[in-house]
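Trainee: One structure, as structure tokens, below. Some questions next.
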Amino acid sequence: MNKKILAALVAASAALSMGGVAQAAANLVVNGSFEDPGFSLPAGSYCYLGGPYDCGSVNGWTGGFPLMLTNSGPWGNPNTPDGNVLIGIQGTSFIQQTLNLAPGTYTLSWMDAGRGNYGGPTEVYEVSVGGNVMSVESVNYGAGWTAKSLTFSAAGATTLSFAGQTQYDATAFVDNVAVTAAVPEPGTYAMLVAGLGLLGVAARRQRARRTS
């Protein structure tokens, strides 16, 4: 193996590393912060998606759930950490979106909070990926915004779902939903580069023996 080949391999490794970071930074969820509902909400207002109170559709998502603004008084001014719009999971309401994923490992992240001006002490909801329940979350009455995440493997059409499991009007607020490709630990790339370096050393030694 000559120096040009070794340099090309090292450059390829670096490119893979940079590509992995870029891919991880891209959110694969459409409208993960619910800022594009497809219609306008008056200041401090809300509406329901699905069921008898259907007020439209939210880009990227299907299901039945309340949609509200960050300063919506009837919901206790939830003050979303990302943008001006968020959703609620209450009773047995649900949201879902189907993603077309390349084979690999992914990280699902989101934020939740608890409604503080109505309902029981907790709202329980399930987070499912590809029809498999990955997490069961209990959000306490009036709880502040908390970051949540989980890791999953998938390939092809994969449905992401948040579904309420509580039979009363407690409500968990959900916002900032993202799916990103998981990035290997930095040590993985360090080991790859180190291995390529050893190949170069071995190649030089082999060439030296041939010329001696």
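Trainee: Among the residues of the range 174-186, which ones are part of a loop (DSSP other than H, G, I, E, B) and either among the aliphatic types (A, V, I, L, M) or in contact with a Lys or Arg (Cβ under 7 Å, 6 or more places away or on another chain) (or both)?
Mentor: Matches in the range 174-186: Ala182, Val183.
Trainee: Still on this model: Which of the residues that make up the range 109-121 are of a type in the set (A, V, I, L, M) and surrounded by fewer than 22 Cβ atoms within 10 Å (Cβ to Cβ)?
Mentor: The first filter runs over the range 109-121 and keeps only residues of a type in the set (A, V, I, L, M), leaving 111, 113.
Met111 - this is the single residue of the range 109-121 that is of a type in the set (A, V, I, L, M) and surrounded by fewer than 22 Cβ atoms within 10 Å (Cβ to Cβ).
Trainee: Still on this structure: Take the residues in the range 55-68 that are touching a Phe, Trp or Tyr at 6+ places or on another chain (Cβ under 7 Å) and of a type outside the set (Phe, Trp, Tyr); name whichever of them is surrounded by the fewest Cβ atoms within 10 Å (Cβ to Cβ).
Mentor: In the first step, residues of the range 55-68 are kept if they are touching a Phe, Trp or Tyr at 6+ places or on another chain (Cβ under 7 Å); the result is 55-56, 58, 63-68.
Filter once more, keeping what is of a type outside the set (Phe, Trp, Tyr): 55-56, 58, 63-64, 66-68.
Working: Cys55: 16, Gly56: 13, Val58: 23, Gly63: 17, Gly64: 17, Pro66: 22, Leu67: 23, Met68: 28.
Checked the range 55-68; the qualifying residue surrounded by the fewest Cβ atoms within 10 Å (Cβ to Cβ) is Gly56.
Trainee: Hey, among Thr171, Thr98, which residue is surrounded by fewer than 20 Cβ atoms within 10 Å (Cβ to Cβ) and polar (S, T, N, Q)? Reasoning before the result, please.
Mentor: Working: Thr171 fails: surrounded by fewer than 20 Cβ atoms within 10 Å (Cβ to Cβ).
The match here is Thr98.
Trainee: Next question, about the same structure. Among the candidates Tyr118, Tyr106, single out the residue that is hydroxyl-bearing (Ser, Thr, Tyr) and over 21 Å from Ala157 (Cβ atoms).
Mentor: Tyr118
Trainee: When the range 138-187 is examined, which residues are found to be of a type in the set (Gly, Ala, Ser) and within 21 Å of Leu67 (Cα to Cα)?
Mentor: Initially, the range 138-187 is screened for residues of a type in the set (Gly, Ala, Ser), giving 138, 142-144, 147, 149, 153-157, 161, 163-164, 170, 172, 178, 181-182, 187.
Within the range 138-187, Ser138, Gly142, Ala143, Gly144, Ala147, Ser161, Ala163, Gly164, Ala170, Ala172, Ala178 qualify.
Every residue, every condition in (1) under 17 Å from Gln96 (Cα atoms); (2) surrounded by fewer than 18 Cβ atoms within 10 Å (Cβ to Cβ); (3) among the β-branched types (Val, Ile, Thr); (4) at pLDDT below 95, yes or no:
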| residue | (1), (2), (3), (4) |
| --- | --- |
| Ser149 | yes, yes, no, no |
| Gly156 | yes, yes, no, no |
| Asn176 | yes, no, no, no |
| Pro184 | no, yes, no, yes |
| Tyr189 | no, yes, no, yes |
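Trainee: Out of all the residues in the range 34-50, is one or more assigned to a loop (DSSP other than H, G, I, E, B), among the charged types (D, E, K, R) and at pLDDT 90 or above?
Mentor: Taking the range 34-50 as the starting set, the residues that turn out to be assigned to a loop (DSSP other than H, G, I, E, B) are 34-45, 50.
Within this subset, residues satisfying the condition of being among the charged types (D, E, K, R) are 35-36.
The next check asks that each one be at pLDDT 90 or above; those that pass are 35-36.
Yes, the range 34-50 contains at least one residue that is assigned to a loop (DSSP other than H, G, I, E, B), among the charged types (D, E, K, R) and at pLDDT 90 or above.
Trainee: Answer yes if at least one residue in the range 139-159 is among the small types (Gly, Ala, Ser) and on the phi > 0 side of the Ramachandran plot, and no otherwise. Steps first, answer last, please.
Mentor: Our first condition is that a residue be among the small types (Gly, Ala, Ser); within the range 139-159, this holds for 142-144, 147, 149, 153-157.
Adding the requirement that they be on the phi > 0 side of the Ramachandran plot leaves 142, 156.
The answer is yes, given that some residue of the range 139-159 is among the small types (Gly, Ala, Ser) and on the phi > 0 side of the Ramachandran plot.
Trainee: Same structure again: Pro78: touching a residue at least 12 places away in the same chain (Cβ under 8 Å) and in a loop (DSSP other than H, G, I, E, B), yes or no? First the steps, then the outcome.
Mentor: On the way: touching a residue at least 12 places away in the same chain (Cβ under 8 Å): yes; in a loop (DSSP other than H, G, I, E, B): yes.
Yes.
Trainee: Taking the range 69-91 as the region of interest, how many residues are hydroxyl-bearing (Ser, Thr, Tyr) and touching a Phe, Trp or Tyr at 6+ places or on another chain (Cβ under 9 Å)?
Mentor: Start the filter on the range 69-91 by keeping residues that are hydroxyl-bearing (Ser, Thr, Tyr), which leaves 70, 72, 80.
Filter once more, so that each one left must be touching a Phe, Trp or Tyr at 6+ places or on another chain (Cβ under 9 Å): 72, 80.
The number of residues fulfilling the criteria is 2.
The values are calculated or read from the model by the stated rules, or taken from the named source; none is laboratory data. Just so it is clear, the structure is predicted and the values come from calculations on it, not from any experiment. Here Cβ is always computed from backbone atoms with ideal geometry, including for glycine, and neighbour counts include all displayed protein chains.
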